[in-house]
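Here the structure is laid out as structure tokens; the discussion comes afterwards.
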């Protein structure tokens, strides 16, 4: 019993709400603590770019500080940033949003996702999401008293979401579908044709789509397609995006939501009380990223693509099956042929060869049998990691 | 593809052909023969290390010299520039637009050595009209590499 626990109405409790108590600790957190206690670890477990934020973007933040631009901004965000966002989304995703009423600047996509769910979910509403997926979706749904409904996707199918699998999970209580392509942790992508099939189901069953497109610039094959750009989808989509991955700005904590005005208005109501606004320094930096950051982003993408090729070819050489993931900066190789499960593989690889990868089951049950390997790390580290993984697999 | 290969080598000439092959989806033999070709065609001129002279305790003095020269009929600036560039003290030499013609980077062991080079050799060459020598005090960035590297390994070792 912790020191914090007290007796309330004769029952021992620690004040924590039931629905919060029911949320399990992140599988990553747990693994993180083991890694943190070790030295000389080569980590492929990192979900953020290894590049520093491009210098001109950092300088824009410095300039903002120098000029004393340190106050609150409008709840929705700086109008100039919202205009840049609307233009960027129009040019790159082919969806038209009104800069001043249909764009909300948030503290990262994480906050945008949270307020989007809070804005639309009534207790008991079902929220569908494809898995393996980012670790926060299910807890975020639980925190708004929604019901998470996981739709497992398959390695054989390159972790794409299929209309049949989606339909099979739809009930009269289904309200929202969360999409995340390119996907963390699998690197999966969906092309226009494949998204059209999903869009059709959403329209038939009147689902709202929250599409988390944080990795969209990091697509290495076909051009990225947003479901919000498909016919009839703009009105039933909340488009979420940010700066963390494409512009290497994780610590700035700035992202955004684009959606029809009624939805943005509802999200704004929560955002204004919970967060007030995103930090102005980060917003100033974000303007610079959108206005002048294209070539930096392209250079980083090129680096990621070369590393992906390296890692994928190395896994093939070692004999670890892995599909050719076309997005994000993750590979999600299959490791169950080694006779180990995800966690055993990751823990033993860490203990025996000091390479950190994340057990696939941290991203949902359907990730079992896989591990997530991030290539957001320098080539020198990747070369060492591959050598050690090879040694480890051969020793099994 | 050669462009991409060159960029990778420019960044790090020590990358193994095996790694390059995997990055570029080529075979090791293909990479080796392309590099050989690029070397033979003198597209790749040399491979060198970038060194922090202070840490290496190299006693070097560097200077940049702005040189005005007289162009010659037929060859323009080329003959004279080539002659200047051939001195081993000269590490780089560029033809420039603007108020002077050549920007010459020189290196010596002592201030005196560099000064002697300028006064005895460079400025006495027929056709050299004037020189302005600037000595380097401190190096902050060398060929794209920051001398004081940023410490960026503050990233969490595992993150979602």
Quick one: in region B:85-107, which of the residues that are touching a helix residue (DSSP H, G or I) at 6+ places or on another chain (Cβ under 7 Å) and more than 17 Å from residue B:59 (Cα to Cα) is surrounded by the most Cβ atoms within 10 Å (Cβ to Cβ)? B:104
Within region B:10-28, does at least one residue satisfy the condition of being more than 14 Å from chain A (Cβ to nearest Cβ) and either under 22 Å from residue A:381 (Cβ atoms) or over 22 Å from the mean Cα position of the chain (by Cα) (or both)? no
Boolean, residue A:356 is within 14 Å of another protein chain (Cβ to nearest Cβ), closer than 30 Å to residue A:59 by Cα, in contact with a helix residue (DSSP H, G or I) (Cβ under 9 Å, 6 or more places away or on another chain) and touching a residue at least 60 places away in the same chain (Cβ under 8 Å): no
From the list A:241, A:224, A:145, which one is in a loop (DSSP other than H, G, I, E, B), more than 14 Å from chain B (Cβ to nearest Cβ) and under 18 Å from the mean Cα position of the chain (by Cα)? A:224
Tally of residues being under 16 Å from the mean Cα position of the chain (by Cα) and closer than 18 Å to residue A:317 by Cβ across region B:29-59: 0
Based on what the data block shows, is residue A:348 more than 25 Å from residue A:139 (Cα to Cα) and either more than 13 Å from every other protein chain (Cβ to nearest Cβ) or crowded, with 17+ Cβ neighbours inside 10 Å (or both)? yes
Picking from B:139, B:110, which residue would you name as being surrounded by 11 or more Cβ atoms within 10 Å (Cβ to Cβ) and touching a strand residue (DSSP E or B) at 6+ places or on another chain (Cβ under 7 Å)? B:110
Which numbered condition trips up residue A:260, out of (1) within 14 Å of chain B (Cβ to nearest Cβ); (2) modelled with pLDDT of 95 or more? (1)
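For (1) within 14 Å of another protein chain (Cβ to nearest Cβ); (2) at pLDDT 95 or above; (3) in contact with a strand residue (DSSP E or B) (Cβ under 6 Å, 6 or more places away or on another chain); (4) buried (at least 22 other Cβ atoms within 10 Å of the Cβ), each residue gets a yes or a no:
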{"residue": "A:93", "(1), (2), (3), (4)": "no, yes, no, no"}
{"residue": "A:97", "(1), (2), (3), (4)": "no, yes, yes, yes"}
{"residue": "A:104", "(1), (2), (3), (4)": "no, yes, yes, yes"}
{"residue": "A:110", "(1), (2), (3), (4)": "yes, yes, no, no"}
{"residue": "A:117", "(1), (2), (3), (4)": "no, yes, no, yes"}
{"residue": "A:122", "(1), (2), (3), (4)": "no, yes, no, no"}
{"residue": "A:135", "(1), (2), (3), (4)": "yes, no, no, no"}
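The values are calculated or read from the model by the stated rules, or taken from the named source; none is laboratory data. Because the structure is a prediction, the values reported are computed rather than measured. Ideal geometry is used to build each Cβ from the backbone, glycine not excepted, and the neighbour counts take in all protein chains shown.
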